[in-house]
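Each remark here refers to the structure printed beneath this line.
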Amino acid sequence: MQKTVERPPRTIMEVYKMLPEGTLAELINGNIFMSPSPVRKHQRLILKLASLMDQFVEKGDLGEVNVAPYDVYLDETENAVQPDIVFVAKANISILGDTVHGVPDLLVEVLSPGNKSYDLETKKQLYERFGVREYWVLDPITRQAIGYALLGSKFVEFSNEAGRVASRLLNHTFEF
């Protein structure tokens, strides 16, 4: 369905919210970043890990797991992202709606060709600044999984293995 624009957007967040549904775009520090659709290996890894996480989270009634594309508004002015996998703990479930408005407990990004520095630097710094408790970066080619936990106000690498992440937050090891 097409939207009628009643007035020009006044903020970058309004521009972001006007993008067509399904647009692979993120707003970071007031800049819009767009990307092509992910490749098969990327999607297969997300499907497998998200399924494992969802089963574990559901069984323990720990919260909710969602997958991209799913907007996460870290603030209401200049930061909206679409992480590959989003976990929100039961205690924070109030931030969930049709989109997320607030800081999820755990975010997962799966690398795509050409985006390594984007996920390993730009988004890592953003998630650290907003206080995401745990952040995982997975490489679908090498199967390397790096886990970061928030210690104070800084991310500390706690895991770097092929094919598995031992989540501190969920107290569980996921193998993919």
Out of the total accessible area of region 82-133 (probe 1.4 Å, heavy atoms of protein only), what percent is carbon and sulfur? 49
Could you report the accessible area of HIS172 in Å², rounded to 10, computed with a 1.4 Å probe on the protein chains as they sit in the structure? 70
Note to self: C-alpha centroids of region 4-46 and region 105-176 sit apart, in Å, by 22
For region 1-65, state the semi-axes of the equivalent ellipsoid (square roots of 5 times the eigenvalues of the alpha-carbon gyration tensor), sorted largest first and rounded to whole angstrom. 32, 16, 12
Environment charge of ASP105, counting only residues whose C-beta is closer than 12 Å and scoring Lys/Arg +1, Asp/Glu -1: +1
Along the three principal axes, how long is region 98-176 when you take its alpha carbons, biggest first, rounded to the nearest angstrom? 31, 31, 29
Neighbours of ILE85 by Cβ distance under 10 Å: Lys/Arg at +1, Asp/Glu at -1, summed charge -3
MET18 accessible area, assembled protein chains, probe 1.4 Å, Å²: 80
Got a number for the accessible area of LEU49? Probe 1.4 Å, square angstrom, nearest 10. 0
When the helices in the chain are scored as -39500 (n - 2.57) per DSSP H run of 4 or longer and the sum is shared across all residues, what 222 nm value do you end up with, to the nearest 500 deg cm²/dmol? -6500 deg cm²/dmol
In region 29-86, GluC sites (Glu not before Pro) in a DSSP loop with at most 11 other beta-carbon atoms within 10 Å: GLU76
Relative contact order of the chain (C-alpha contacts under 8 Å, at least 6 apart) in percent is 15
Treat every Asp and Glu Cβ in region 1-50 as -1 and every Lys and Arg Cβ as +1, leave all other atoms uncharged, and give the resulting dipole magnitude about the Cα centre to the nearest 20 debye. 280
Taking the solvent-accessible surface of protein heavy atoms with a 1.4 Å probe, what is the per residue accessible area of the chain in Å²? 56
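The values are calculated or read from the model by the stated rules, or taken from the named source; none is laboratory data. Only a predicted model underlies this, so the values are computations on that prediction, with no experimental measurement involved. Please note: Cβ atoms are built from the backbone with ideal geometry, for glycine as well, and neighbour counts cover all protein chains shown. Keep in mind that these areas ignore ligands, DNA and RNA; they rest on the heavy atoms of the full protein, side chains included. Shrake-Rupley method; radii C 1.70, N 1.55, O 1.52, S 1.80 Å.
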